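These notes concern the structure reproduced below.
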Amino acid sequence: MKDVRLGECGLSYAVVSIMGPQSSGKSTLLNHLFGTNFREMDAFRGRSQTTKGIWLAKAQNIEPCTLVMDLEGTDGRERGEDDTAFEKQSALFALAVSDIVLINMWCHDIGREQAANKPLLKTVFQVMMRLFSPRKTTLLFVIRDKSRTPLENLEPILREDIQKIWDAVPKPHAHKETPISEFFDVQVVALSSYEEKEELFKQQVSDLRDRFQHSIAPGGLAGDRRGVVPASGFSFSSQQFWKVIKENKDLDLPAHKVMVATVRCEEIGNEKVTSFIADEEWQQFEEAVQHDFVTGFGKKLSSLLDRCLSEYDMEAIYFDEGVRSSKRQQLESKLLQLVNPAYQSLLGHLHTRTLEAFKEYFGKALEKEGFAVAACNCTETFLEKFDRGSEDAAIQQVNWDTSKVRDKLRRDIEAHVASVRAAKLSELCAKYEAQLTKALVEPVESLLDSASEDTWPAIRKLLQRETKTAVLGLESAVSAFELDEATEKELLAKLEKHGRSVVESKAKEEAGRVLIRMKDRFSTLFSRDADSMPRVWTGKEDIKAITKTARSASVKLLSTMAAIRLEEDGDNIENTLSLALVDTSRHGTTDRSIQLSDPLASSSWERVAEEKTLITPVQCKNLWRQFKAETEYTVTQAIAAQEANKRNNNWLPPPWALAAMAILGFNEFMTLLRNPLYLFAIFVIYLVGKALWVQSEIGREFQHGFLPAILSLSTKFVPTVMNILKRLADAGQEPAAAPERQREMELQPKSTRNGSLYSNVTSAGSSSVTTSEIGPEYSSPVVQ
């Protein structure tokens with residue numbers, strides 16, 4: 001088959017076989033008739049068996065392709081009279097595979113009862129009965145060594161003998177009355193003797209050869225083509241025939257035809273699968289799809305599959321239609337199963353590419369459109385783009401469902417939209433929360449610092465106003481997202497809650513610094529007057545009242561910071577603290593039972609929830625104790641300054657001493673009046689003493705005690721005297737400037753002249769000294 005390329009012939013081929021007695025010239029006839037090269041008998045060596053078994057060759061120069069089988073001769077002495085098994089097997093095989101069977105017989109055997117051809121015909125007719133639904137075979141009787149008797153006379157005799165043999169052969173009940181013409185197309189041809197009339201023989205063989213041209217055409221020698229096996233399955237069919245014949249089983253030609261078609265179509269299908277896998281174009285497609293989306297994949301792959309299936313159809317077209325179709329479906333299924341991974345990979349790339357493009361386009365669309373509109377439009381656009389891509393990837397031979405990939409793409413798009421929505425909403429919420437925080441922090445801090453009765457009402461009003469502004473802004477911003485009502489309310493409620501949390505956190509922060517705030521407020525009210533000027537302790541101020549006022553303000557600050565009051569719920573924190581901390585002396589009692597009922601001996605305030613409490617009563621008590629301890633020094637210093645001021649204002653001797661001095665010193669006073677020189681000397685001494693007093697700060701030194709003042713003045717005396725003398729010397733060196741300076745001094749007020757004459761020196765101690773017409777004054781150290 002491979003040598004003669006029989007597989008390409010399809011059904012356009014014929015099989016011719018020859019049967020006849022041994023040494024009747026069968027091989028010689030075939031060699032001359034078909035141009036074959038079968039081994040021929042050498043007549044000079046005697047008559048013996050030449051062809052053993054069955055030999056196959058291709059006829060030369062005959063269309064269509066014709067296969068020629070040379071069978072072993074019958075009635076040979078080599079096999080013996082009783083060994084007819086092979087004759088029957090070879091005859092059955094020839095009838096099963098051949099379109100034309102040549103019966104080679106001698107002319108002189110026609111009309112003879114015991115002719116050599118009769119056993120052969122019996123064998124042929126008997127084995128024919130073993131074929132189920134046999135096809136009609138052409139029996140071409142070749143009469144060799146024709147005598148002078150015309151063929152027209154020989155043929156009726158031969159046909160009569162054939163009919164007798166047919167009638168005598170046992171037949172199945174279904175074919176009892178079936179004529180021979182139903183099974184065989186009997187034709188007769190006569191040839192002259194090859195040895196005696198070789199040229200005439202060759203001429204007659206040439207004429208006979210023409211009858212084999214186009215033998216399978218209508219009206220040709222092989223007219224009945226029922227059950228013909230396609231050429232590509234001939235080898236396998238012949239092997240199966242021989243296998244069944246050797247097992248001495250009857251041949252079921254229709255079943256055999258189906259079996260051959262099944263095997264052969266399956267082989268063709270496997271060959272096509274192998275060929276498809278090895279196809280270079282498919283390998284390029286498969287490799288390209290692993291890396292990226294391939295445009296035109298469906299059309300190109302459909303073309304490859306169609307070409308592969310068309311090749312199968314061409315090779316399997318002559319096999320049984322049912323088997324061919326079934327195997328074609330199997331082939332198509334295998335091919336589709338083979339390309340399915342590539343198709344799925346392509347859809348994966350399409351999914352990824354579409355999703356990435358959506359993300360990029362969606363980000364740009366948000367700059368031009370509202371979120372909900374952009375999301376809807378972009379989703380529809382890119383799902384349509386995916387549909388077009390899946391249509392481009394669709395394979396004509398199958399309608400694979402892409403809905404799962406499309407649904408996954410939709411879910412991924414929706415997930416991305418949801419993530420972007422969450423991010424955008426988070427940005428908006430953070431923006432308005434930051435705005436709200438900025439609008440609340442500093443005003444709340446300022447209001448808490450003021451700590452008045454209107455502090456928390458003002459904070460509530462501020463919170464409502466700023467929260468309303470922020471909520472309106474956020475509501476307007478999220479309208480483009482087209483959120484459901486519940487989600488929008490949740491966002492707005494979250495913003496409102498954030499505003500409250502800002503106020504609460506700021507209140508907690510300020511509550512942590514309440515002690516510092518209380519001390520600052522106390523210092524401000526205690527050390528400054530109503531005009532916010534530093535307070536000077538002249539001895540006329542009521543330090544106790546000032547202290548109580550400052551402490552009451554500190555208590556008010558403490559009560560303000562003790563709890564969060566964002567709701568208009570009343571409480572008595574301020575009254576409780578005032579009664580317990582400031583007004584204790586007014587309500588003081590010696591009753592131990594009342595002393596034990598301390599209103600601050602508790603961890604919670606009355607009518608105040610625990611989560612709204614910033615400073616518990618016990619903590620307030622501890623803070624007040626610490627506050628008093630740290631501000632006590634300031635009050636003590638103020639009292640000391642006031643007492644010092646009183647002492648400085650009362651430096652003259654008592655009145656009785658002045659009266660005694662006036663009475664006892666009257667004579668000395670009169671002496672001074674009589675002698676003005678003493679009076680001048682006393683005046684000079686007074687000026688020098690006054691200068692020493694001011695320069696040495698004698699009054700300030702004696703505030704620290706007598707002994708320390710003496711020690712300090714002893715170290716300052718000499719430098720002070722030297723300083724006064726130096727100034728007098730400097731004044732004497734400028735005589736020209738003296739008149740002008742004298743006039744300037746006369747134009748200045750008395751107090752100013754005194755100040756220019758005597759310089760003021762301020763100490764860093766607990767009180768400072770200021771020289772004026774009414775004497776020294778003391779100011780609070782807190783102001784300094």
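Some notes on this structure:
- Neighbourhood charge, 15 Å Cβ-Cβ cut-off, centred on N723 and excluding it, Lys, Arg +1 and Asp, Glu -1: +2
- In straight-distance terms, cross-link reach from K540 covers every one of the lysines whose alpha-carbon lies under 20 Å from its own, apart from those fewer than eight places away in the same chain; here that gives K548, K646.
- In terms of the mean number of neighbouring beta-carbon atoms within 10 Å, the peptides 556-568, 297-309, 468-480 order highest first as 556-568, 297-309, 468-480.
- The fraction of Cα-Cα pairs per 5 angstrom bin, counted from 0 for region 253-400, comes to 2, 9, 16, 15, 12, 10, 9, 7, 6, 4, 3, 3, 2, 1, 0, 0 percent, rounded to whole percents.
- Amide H contacts under 5 Å for N104, placed H, 5+ residues apart: M19, G20, V142
- Computed from backbone phi with θ = phi - 60° and the Karplus coefficients 6.51, -1.76 and 1.60, the 3J(HN,Hα) list for region 157-163 is 5, 5, 5, 5, 5, 5, 5 Hz; x is used for glycine and proline.
- Out-of-range pairs (alpha-carbon distance over 26 Å; input K146/K176; K461/K508; K327/K385): K146/K176; K327/K385
- Counted charge near L436, where neighbours are those whose Cβ lies closer than 14 Å (Asp, Glu -1; Lys, Arg +1): +2
- Positive minus negative residues near K58 (Lys, Arg vs Asp, Glu; Cβ under 14 Å): -2
- Members of K136/K202; K88/K136; K257/K299 lying beyond 27 Å, as alpha-carbon distances in this model show: K136/K202; K257/K299
Bear in mind these aren't lab numbers, they're just calculated from the coordinates by the rules spelled out. As the structure is a prediction and not an experimental result, all values here were calculated from the model. Neighbour counts are summed over all protein chains in view; Cβ atoms, including those assigned to glycine, are modelled from backbone coordinates with ideal geometry.
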